[in-house]
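*Asks:* So that we are looking at the same thing, I have put the structure below in C-alpha cells.
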Amino acid sequence: MKEDFGALTIRQLHQGLVDKDFSAVELCNFYLDEIEAKDKKIGAFLQVSREMALNQAREVDYSIFHAASSLSVLAGIPCAIKDNILIKGLRCTAGSKILKDYNAVYNATCIERLLSEKVVFLGKTNLDEFAMGSSTENSAFKITKNPIDLTRVPGGTSGGSAAAVASDQCVFALGSDTGGSIRQPASFCGVVGLKPTYGAVSRYGLVAYASSLDQIGPLARTVDDCEIVFNAIVGKDPRDSTSADIKSRIKDSELRIKNLRIGIPKEYFAEGLDREVGESVKKVIKLFEKEGADVIDVSLPNTKYALPCYYIIAPSEASANLARFDGIRYGKSEIKNIQSGRRPNELKMPGSVDSELIEVYTKTREKGFGPEVKRRIMLGTFVLSSGYYDAYYLRAQKVRTLIRRDFEDVFRKVDFILTPVSPFLPFKLGEKIEDPLKMYLSDIYTVSVNLAGLPALSMPVGKINELSVGLQLIARPFDEQGIFAFAKIIEQLVSSQSLSF
Amino acid sequence: MEITKELVERLAKLARLDLNEKETVSMQKDLSEILAYVDSLNEVDISGIEPTSRSIIQENVFRADEPRKEDYFAREDIIKQAPARDGDYFKVKEIFT
C-alpha cells in the first residue's frame, strides 16, 4: 500500500483515506520521506514545511475519525506551492535574494481555498527569480533538474513545481504562468499543467510580475487531478478586481470527439520547430482525426509578433511591479550600510538621484536582484520612458489587439486550437543561460495565449529518447470545462496507443 | 535604435539600479539585441487599432469605502520585517533638510 502512493490519483488517495486504508499522517510522511530521499538530486524545493504539513495531516485524520463521509476530495492530499505564492507563516522568496528572509504575512486566496479543502502543504518550490525565465536557472538559490534527465532543465519558471510532481515528491502543485511558465515546465517534465483564463483564478497573494498576464494554475500527473485542483481555486475574489465569475462550473460534460472542430495553426508548425517534436504532435492529431474529429488548418497571422510584443509588455509591467522592492518596508536592504550625513559640504538636494535616500534604493536593488530581473526592469523602463512610449509600448498594446483578434477569428471556426508547447525538447542546463534572446525563444508558442488571456493546457503525449513531448490545447475564454473534457479523451487515446517516437 | 552608454546610465538612474561598469557594458549589449529583435513590431500595420490593456473585458469593481476587519493584518507582523524601524514607524533616510 505504502509503496504504491506515488502512482495513485487524487480520487484514489481520497478513497483510501475514507476507507481508512491509510491515514493522512501516513500519506504525509510518505511524501516527506520521498522529498528527503530525492530532492538533494533534483532540487525542486526551496523549503519543506514539515511541521505545517504534519499538523494539517493530523487535523484531517481527526476529521476522518469523526466524519469520513463528508471529507472533501482534496483533504489530506500533499502538495507543493511555487515560491511566489504567499502562505502565511512560511518564507516567500520569489526566488530572489531580495526576499531571502521575507515571511508571508497573509495567505494568497488560492491558498485559503486549498486550506478550506484541508490539503497538506509540503513546501515551497523553486522558480526563476520573480517568475522571469524559461528554465528555473535564474533562481538566486539553486538549480532544479529535470527528473527525466538530470543534465537538463525542468523548464521555467514553475520548474520546481513541475519537477516535484514529475518525481512524485507531491501529488500536485501550484505554479504561475505569465508567458508559458506552467505549460513549458509541465511539458519538459512530462506532467499536466493548466494556465487558466485571465481572471479565472485570483492573483491575490501572488507576487506580481506582469499584472495583465499572470495567472496561477495547477500541475499534476493526470488531467482529472488538474481539474480537481482547478475547481478548488477558481472563482471571483473581491480582493482581486481582475478576477472573474466563471459562470458554468465544471460539470460532467459530454464532449464527443466526433465532429469536434480542431484548429491547427500553420504558424506553430513552421520554421523554428524541431522536426521530431512537430512530427510527434502531428501523430497525436492523426489519432483523433481517425476518431472522427474535424481537423482544420487555420492561421494566426500575427503569431511571429507575439514574442516581441510580450517582451515589451511584460518587462514594462514588471518594471512597475518591482518598484516596491526598495529596501524600506521589507526584504534585504542596504539602509544600514549607508551612513547618514556623509556629505555635509555638498549641496545635494534630498531626494535627488545622488542623495542617501535614493542610494538606499539603488544599492539595495543592485545587490538584491539577479541579472535577468535587472535586464527586464531596464527594458521596461526604457519602453515606458518619454520619447519611446509610443513607438514601443503603445505599439505593442496595439499589436496585442491584433493577436487577440486572430484568436477570436479562429474560434469562430473551431472549438480548440492544438499546438506544440515548446519548439524543442528540454535543453541542457547552462545551454541557453548566457544568451537572453535565445532563452526568450523558448516561449514562442506560449506567450500569445497570455496576451490574449485564453486558457491553455499542456499535457504529455509521448517521448523522444525518453524526453517528454507536450501538446498545448487552447480554448475560448472560460472554457476550461471543454479543455479538461477534451484533454481526458486525448489522455485515453494516447495511453491506449502508448506512443513513442 | 542605438543604445549608448549614456542611455543605459540614465535608465539605470530611472530604474533605481546602481549598475557597475561591467554590468553597464553588458546591459548595453543585451538591450541593443533585445530592442533590435522587438523592432520587428514596426512591420505591423496598426492604423486604426485600439490598444489592449485588458485581454478579457472587465468592469470596475466598487465597494463602500468602509474598513473591513478581514482586510487587517497584524501590524507587528508587518513592521517587524522593516529593515529599519523606530517603534511603529519605518525609518528612512532624510527626505527634507
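No lab work stands behind these numbers, since they all come straight from the coordinates. Note that the structure is predicted; figures quoted are calculated from it, not measured. Here Cβ is always computed from backbone atoms with ideal geometry, including for glycine, and neighbour counts include all displayed protein chains.
*Asks:* If the convex hull of the alpha-carbon atoms of the protein assembly as shown is projected onto planes in all directions, what is the mean projected area in square nanometres?
*Replies:* 28.4
*Asks:* Further question: Using alpha carbon centroids, what distance separates region A:145-194 and region A:400-431, in Å?
*Replies:* 19
*Asks:* Next question, about the same structure. Note the angle between two axes, namely the Cα long axis of helix B:5-14 and the longest principal axis of the Cα atoms of chain B, as a number of degrees from 0 to 90, rounded to the nearest 10.
*Replies:* For B:5-14 against chain B, the angle is about 20 degrees.
*Asks:* May I pose another question? Would you work out which of A:389, A:410, A:451 lies farthest towards the positive end of the dipole of region A:354-462, given +1 charges on the beta-carbon of Lys and Arg and -1 on that of Asp and Glu, about the Cα centre?
*Replies:* Most positive-ward Cα: A:410.
*Asks:* Test of the criteria: in region A:394-501, which trypsin sites (Lys or Arg not before Pro) are in a DSSP loop and have at most 15 other Cβ atoms within 10 angstrom of their Cβ?
*Replies:* Taking region A:394-501 and a limit of 15 other Cβ atoms within 10 Å, the loop trypsin sites (Lys or Arg not before Pro) found are A:412, A:413.
*Asks:* Mean separation of Cα pairs under 8 Å and 6+ residues apart, divided by the residue count of chain A: what relative contact order is that in percent?
*Replies:* Taking the mean separation of contacting Cα pairs over the length of chain A, I get 17 percent.
*Asks:* Let me ask you something else. Quick one: putting +1 on the C-beta of Lys and Arg, -1 on the C-beta of Asp and Glu, what dipole do you get for the protein assembly as shown around its Cα centre, in Debye to the nearest 20? Could the numbers behind the result be given before it?
*Replies:* Numbers: 79 positive and 84 negative charges, 109 e Å.
Rounded to the nearest 20 debye, it is 520 debye.
*Asks:* Right, here's the next one. Dividing the Cα convex hull volume of region A:218-338 by residue count, how many Å³ per residue is that?
*Replies:* Spelled out: Cα convex hull of region A:218-338, divided by residues, is 238 Å³.
*Asks:* So what is the 222 nm mean residue ellipticity for the protein assembly as shown from helices alone, if each DSSP H run of at least 4 adds -39500 (n - 2.57) and you divide by all residues, rounding to the nearest 500 deg cm²/dmol? Intermediate results must be reported in sequence, preceding the final value.
*Replies:* Details: 18 runs with 217 residues, N = 598.
Theoretical 222 nm ellipticity from helices: -11500 deg cm²/dmol.
*Asks:* If you average the sequence gap of Cα pairs under 8 Å that are 6 or more apart and divide by the length of region A:65-207, what percent do you get for the contact order?
*Replies:* Working: 325 pairs, mean separation 35.1, N = 143.
RCO, region A:65-207: 25 percent.
*Asks:* Next up: How high is the relative contact order of region A:1-98? Use alpha-carbon pairs under 8 Å, at least six apart in sequence, and give a whole percent.
*Replies:* Relative contact order for region A:1-98 comes out at 33 percent.
*Asks:* For chain B, just the Cα atoms, rotate onto the principal axes and tell me the three extents in Å, largest first.
*Replies:* For chain B, the Cα spread along each principal axis is 53, 44, 26 Å.
*Asks:* Too long at a 28 Å Cα-Cα cut-off: which of A:336/B:5; A:82/A:290; A:363/B:29; A:236/A:374; A:195/A:363? Walk me through the numbers on the way to the answer.
*Replies:* Details: A:336/B:5 31 Å; A:82/A:290 39 Å; A:363/B:29 22 Å; A:236/A:374 34 Å; A:195/A:363 36 Å.
Table pairs above 28 Å Cα-Cα are A:336/B:5; A:82/A:290; A:236/A:374; A:195/A:363.
*Asks:* Please sort through the DSSP H helices of chain A and keep those with an alpha-carbon extent of at least 18 Å along the long axis and a Kyte-Doolittle average not below 0.0.
*Replies:* Span-like helices, by this rule, are A:306-321, A:371-384, A:480-497.
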